[in-house]
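Novice: Questions regarding the structure given below will be posed in turn.
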Amino acid sequence: MEVVMSSLKAPKELLCEYCKNPLGMDVEKPRFSWQLAADNKDRNKKQSAYGIIVSSSEDKLSSGTGDVWDSGKVSSSQSINIEYEGKKLESRMRYFWKVTVWDESDRESPESETAWFEMGLLKPEDWKAVWKGYTGGKSGEALYCRRAFELSKPIAWARMYISGLGYYELHINGERVGDNVLDPGWTEYTKTVLYVTYDVTDALKKGKNAVGVVLGNGWHGTPKLYLQLEIIYEDGSKEMLGGHDWSWSVTTAPIIKNDVHDGEVYDARLEIPGWDTPDFKENNLNWLHAQRVTAPGGRMKAQMIEPIKVVDHVEPIAITNPKPGSYVYDLGQNIAGWCILRVKGDEGTCVTLKFAEVLYEDGTVNQENLRTARAHVMYTLKGGVEEEVYKPRFTYFGYRYIEVTGFPGKPELQNITGCVVRNSVEQVGQFTCSNDLINTIQRNVAWTEGNNLHGAPTDCPQRNERQGWLNDMTVRIEESMYNYGLARFFTKWLWDIKDTQDAETGAVADTAPFRWGNIPADSTAISYVLIPWFMYLFYGDKRIVEEYYESVKGWADCLYSHTKDGLIDYCWYGDWCSPIPESWPPDKPGLPPDSPGAVTTVGSYSAVTPGMLMGTAHLIYAGRTIADIAQIIGRGSDAAAYRKRAESITEAFNKKFFNEKTAQYASGSQASNAFPLFLRLVPEGREKEVLKNIVHDVMETKKEHLSTGNHGTKFLMEVLAAYGAGDVAYKIATQTTYPSWGYMISMGATTNWERWEYLTGPGMNSHAHPCLGNVSAWFYKYLAGINIDPRSPGWERMIIKPHVIEGLNHVNASFKTVRGTVEVHWQREENQFKMQVTIPANSTATVGLPTLGAGKSDKPLQVTEEGRLIWENGDFIQGVSGINAGEVLPQLMTPHAPGADTTRTVEQMSDQASRDWIYFEIGSGTYRFELKRR
Ligand code: BGC
């Protein structure tokens, strides 16, 4: 029986350049996205056309006059990233827009609510501000800048365009403006400086006003301010303040020291009450004139990334007193951020807080693994009867424990609150299942990822490092995108990477913004090539792949220029941080020259997998991805050339590393075998032998353990599941002894470590390192089975294909795609499998229902949906709304292994794929499948 379809409701979630109503943006041809609103009970909801109107005023928009742009009715199913094609957009102007859509039967929806976007300063000439600072201050002191001024008329509109390096905090008339912290996002300041726009219309008033800005060092060093205040009065006249004629007064109390790694020293006795108010009297001894200082050099760019904010608070769960006068708070969770201190006591009392991830046996905090980062706060009380409430602002810490000394009296739990500080991106993925250990791993990965989103995707939030390492990101992209909405974040970071690129050689740096590592980056640092590709897959972002095409090609070509006989000759990091084999001391770089498979001259930090293998395979990975990108942007001849190049490197790779007799790659380590299998480099017909070698090594030699590092772990887990040994991957995922995620948890980890070993000394052992967290993407992709179909990116089509593994009884997962939320809930019972799937409107899916091994037996199978029979013993039964027979999907059609040569794998795997899953094509809506074996 047909379900009666209602027409669509008004489109929702209107975004412009991935932002809701962005203020001060500088994309000249912004793109619009929306989601279709339909009831999940209604199936097959689709958009057949849309119409966008952009107007210069709200009135015009409500009367339907698109004086800036009227797209007309456009026949298209696209609801993501529709490019603006109207009049040239002007600096400072706010534009209003709305959208109407037509459903699959050409029925018009109600129009959306009004959305808007406002342009920032688009041209260099728009800026009249000058960089101001103070060169005479002591290093580490924060600068307090103030300026009082009068406005003669009532104000209709006012905007503050501001940047302050390293970090700024804006105040107007005694109030803090906005809640961004550690703002602006850090960049290669010599190339790019981000500015932020605030609507300050209500903060200012006719008459006396004052602007105050506190400047911290951040990643820049000497503080600098760049600010422009623009006003339109009610009478229509305009004023621009902040230019070279605007003098500032500066002083340096009470933040005596501030440093991203070291923390903050704050003397509350030096606070200057009212310093940011108009009537404040400046004392000439303390307040000096700001000077014009050298500009950082970069071009001004609007900050479009979600700003860093305090996104959550964590109350401590325990307080101990390990030695006289020292109290240790335990938040019960390793976080990134700072804390609020509440304290009452005598003037001049100094309370010290030390932040750490781990404790010594005596219960005091162990800061050894922070290396030179001092991660502390010293707060000197002003004294009095009032409780003093303090939190640092130009620093952050990766920590679970705080040791408090110098506290007047005995501190209680409520004297400290942890503040979680990161880019305010949305958490878009949720995954739970019947295995609690996996749930804890997932939870820890999500925390670890969140703890490392600070303008750039950092490697760690605690030690004297905190860098955006490109090599880590190569295997972190999917995990991060399944857990957080990162379209804006990665748009910014790609820019950072491009800023490090050498125009001549195409080389990019190991870290972006560039502080650590080398140029050219390690050959595993191909995240620069992969991110645009995943932006295309996850967010349907074609502009990114077009814009970055030449640049990422330049980086791949640079790597290629380092090959000798088709093999890449340099790779320092390789399969970073694989478990320490007994025979090797920790941190010993590379395989020794005479060990089997050791071919690298430089060495890889993985003691079991040669760097040359890692580097060369990454080059193939990059080349294939470029070929795929070239294909979709219409560069056919490039696509062919890059594919050909990848093939010839593959030949050299197999010649060098593949042992024809044993079907082992290089040292035969799990990573050595898994990576070529992942990339489908294995000579035809030998795949199962390579898989067998991996399985043997995991199950027999390593007694159900992995031996992989940050990169190899991803490839290992993927190939095991994709080639039909999901149970082995599951053993690894649920292992509890060293090396495993379960081992970390058994040692009390609430975030993932950098290394499989439990180390707490001065070396390299962060306890909040995202790069081993790619297993979380494995949960989404294989256990929940939520996958992009690369043939229709941006979740227009998806593949829902759970791997149901012995021992796992249910999975509940949801993921907010750009088109809406997809949900998978499955449950397995004796002879029965139930799965509820929700596909967002304007999307379709291929659903693979696992046959629970029944394909191998003769027992009859039946599939029902909402109780109606849709499949029986191999025959699809027509007639249920929204469900069609599906094509058999190979295991490896997921986007993790790019490259055109899918046919071979399709044939090979389709055998198993058709035995182990039954496929259906569905449209949007909620479906309840039940599979029974009788
Ligand atoms: C980082 C790693 C990174 C590595 C590169 C380390 O210090 O923490 O995540 O991959 O450097 O060698």
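Novice: Can you tell me the 0 to 90 degree angle between the C-alpha axis of helix 636-657 and the longest principal axis of the chain, rounded to 10?
Specialist: 70
Novice: Region 231-378: percent of C-alpha pairs farther apart than 28 Å?
Specialist: On the way: 5046 of 10878 pairs.
Result for the distance tail: 46 percent.
Novice: Give 12/46; 301/492; 208/238; 88/498; 60/205; 12/88 a once-over and call out the pairs whose C-alpha atoms are over 19 Å from each other.
Specialist: Values: 12/46 14 Å; 301/492 10 Å; 208/238 17 Å; 88/498 27 Å; 60/205 29 Å; 12/88 26 Å.
Table pairs above 19 Å Cα-Cα are 88/498; 60/205; 12/88.
Novice: Give the Kirkwood hydrodynamic radius (Å, one decimal) of region 337-485, defined as one over the mean of 1/r across all pairs of different Cα atoms.
Specialist: About 17.3 Å, per the Kirkwood formula over Cα pairs.
Novice: Something else: What nm value, rounded to one decimal, do you get for the distance between residue 436 and residue 28 when each label is placed 7 Å out toward the C-beta?
Specialist: Between residue 436 and residue 28, the label points sit 5.9 nm apart.
Novice: I need the P(r) histogram for the chain: all alpha carbon pairs, bin width 10 Å from 0 out to the longest distance, whole percents.
Specialist: 2, 11, 20, 23, 21, 14, 7, 2, 0, 0
Novice: Can you tell me the length gained on complete extension of the stretch residue 561 to residue 323, counting 0.36 nm per residue apart and subtracting the Cα distance?
Specialist: Working: separation 238, 0.36 × 238 = 85.68 nm, distance 5.94 nm.
So the extension gain works out to 79.7 nm.
Novice: With a cap of 12 neighbouring Cβ atoms within 10 Å, and only residues DSSP puts in a loop, list the trypsin sites (Lys or Arg not before Pro) found in region 241-294.
Specialist: 281
Novice: Could you tell me the calculated FRET efficiency between residue 202 and residue 688, based on Cβ-Cβ distance and R0 = 60 angstrom, to the nearest 0.05?
Specialist: On the way: r = 68 Å, r/R0 = 1.14.
Rounded to the nearest 0.05, the efficiency is 0.30.
Novice: Would you please give the FRET efficiency between residue 830 and residue 12, computed as 1/(1 + (r/R0)^6) with r the Cβ-Cβ distance and R0 = 51 Å, to the nearest 0.05? Before the final figure, lay out each step's value.
Specialist: Details: r = 42 Å, r/R0 = 0.82.
That pair, residue 830 with residue 12, gives E of 0.75.
Novice: How fast does region 1-135 diffuse by Stokes-Einstein, in µm²/s, taking the Kirkwood radius from C-alpha pairs at 25 °C and 0.890 mPa s? It would help to have the intermediate numbers written out before the result.
Specialist: On the way: Rh = 16.2 Å.
Calculated translational D: 152 µm²/s.
Novice: Further, regarding this structure: Quick one: plug the Kirkwood hydrodynamic radius of region 779-832 (C-alpha pairs) into Stokes-Einstein at 37 °C, 0.692 mPa s, and report D in µm²/s.
Specialist: Working: Rh = 11.8 Å.
Here the translational diffusion coefficient equals 278 µm²/s.
Novice: Principal axes first, then extents: for the Cα atoms of region 436-479, list largest minus smallest coordinate on each axis, whole Å, largest first.
Specialist: 33, 21, 14
Novice: Would you work out the relative contact order for the chain, in percent, from Cα pairs under 8 angstrom that are 6 or more residues apart?
Specialist: Values: 2379 pairs, mean separation 93.9, N = 934.
Rounded, it is 10 percent for the chain.
Novice: Tabulate in residue order the Karplus-calculated ³J(HN,Hα) for region 415-431, using 6.51 cos²θ - 1.76 cosθ + 1.60 with θ = phi - 60°, rounded to whole Hz; enter x for Gly and Pro.
Specialist: Per residue, the Karplus-derived 3J(HN,Hα) values read 7, 10, 10, x, 10, 8, 10, 6, 4, 7, 6, 7, 7, 9, x, 9, 9 Hz.
Novice: Something else about it: Once you have all Cα-Cα distances for region 607-691, histogram them in 5 Å bins from zero and send the whole-percent values.
Specialist: Per 5 Å bin, starting at 0, the Cα pair percentages come out as 3, 16, 25, 22, 15, 10, 6, 2, 0.
Novice: Still on this model: Among 692-701, 747-756, what's the highest-first ranking by average C-beta atoms within 10 angstrom per residue?
Specialist: Working: 692-701: 17.7, 747-756: 22.0.
Put in order of decreasing packing, that is 747-756, 692-701.
Novice: Say R0 is 30 Å: what FRET efficiency, to the nearest 0.05, do residue 175 and residue 232 get from their beta-carbon distance? Before the final figure, lay out each step's value.
Specialist: Values: r = 22 Å, r/R0 = 0.72.
Between residue 175 and residue 232 the formula returns 0.90.
Novice: Also, I was wondering about something else. With θ taken as phi - 60° and the coefficients 6.51, -1.76 and 1.60, list the Karplus ³J(HN,Hα) couplings across region 670-678 in order, rounded to whole Hz; mark glycine and proline as x.
Specialist: In residue order, the calculated couplings are 4, 5, 4, 8, 6, 5, x, 5, 4 Hz.
Novice: Name the residues whose placed amide hydrogens come within less than 5 Å of the amide hydrogen of residue 291, ignoring near sequence neighbours (fewer than 5 apart) on the same chain.
Specialist: Amide H neighbours of residue 291, under 5 Å, 5+ apart: 133, 134, 135.
Novice: A follow-up question, please. Using a 10 Å cut-off on Cβ atoms, rank the peptides 459-466, 125-132 from the highest mean neighbour count down.
Specialist: Values: 459-466: 24.9, 125-132: 17.9.
Highest mean packing first, the order is 459-466, 125-132.
Novice: Between residue 884 and residue 244, what is the spin-label point distance in nm, taking each point 7 Å from the Cα along the Cα→C-beta axis?
Specialist: 6.8
Novice: What distance in nm separates the two pseudo spin-label positions at residue 93 and residue 516, each 7 Å out from Cα along the beta-carbon direction?
Specialist: 4.6
Novice: Here is a follow-up. Arranged from highest to lowest average of other beta-carbon atoms within 10 Å per residue, in what order do the peptides 545-553, 447-455, 231-239 appear?
Specialist: Values: 545-553: 18.9, 447-455: 26.6, 231-239: 12.7.
Listed from highest to lowest mean packing, they are 447-455, 545-553, 231-239.
Novice: List the residues, sorted by chain then number, that are 5 or more residues from residue 328 or on another chain and whose placed amide H is less than 5 Å from its amide H.
Specialist: 320, 321, 404
Novice: Okay, next question. Counting only helical runs of four or more DSSP H residues, what would the 222 nm mean residue ellipticity of the chain come to if each run contributes -39,500 (n - 2.57) and the total is spread over all its residues? Walk me through the intermediate numbers first.
Specialist: Working: 16 runs with 185 residues, N = 934.
Taken over the chain, the calculation gives -6000 deg cm²/dmol.
Novice: Calculate one ³J(HN,Hα) per residue across region 740-751 by plugging θ = phi - 60° into the Karplus curve 6.51 cos²θ - 1.76 cosθ + 1.60, and present them in order as whole Hz with x for glycine and proline.
Specialist: 6, 5, x, 5, 4, 5, 5, 8, x, 5, 10, 9
Novice: Further question on the same structure: Loop-only check: which GluC sites (Glu not before Pro) in region 1-71 are DSSP coil with at most 13 other Cβ within 10 angstrom? Don't skip to the answer; put the middle values down first.
Specialist: Working: sites: 2, 13, 17, 28, 58; in loops: 2, 17, 28.
Answer in residue order: 2, 28.
Novice: Report, by chain and number, residues whose modeled amide H sits under 5 Å from the one on residue 224, excluding near sequence neighbours (fewer than 5 apart, same chain).
Specialist: Result for residue 224 returns 165, 166.
Novice: Apply the Debye scattering formula to region 748-798, with a single equal point scatterer on each alpha-carbon and no solvent, then give log10 I(q)/I(0) at q = 0.24, 0.32 Å⁻¹.
Specialist: Log10 I(q)/I(0), no solvent term: -0.87, -1.13.
Novice: What does the net charge come to around residue 816 if you take all other residues with beta carbon closer than 13 Å to its beta carbon, with K and R at +1 and D and E at -1?
Specialist: Details: positive: 12, 819; negative: 13, 426, 823.
Net of charged neighbours comes to -1.
Novice: From the mean inverse distance of alpha carbon pairs (Kirkwood) and the Cα radius of gyration, derive Rg over Rh for region 153-212.
Specialist: Values: Rg = 13.1 Å, Rh = 12.7 Å.
The Rg/Rh ratio comes out at 1.03.
Quick note: the coordinates plus some simple rules give every number you see, no bench work behind them. Predicted model, so just to flag it, every value in this text is computed and none were measured. Neighbour counts run over all protein chains shown; Cβ positions are idealised from the backbone, glycine included.
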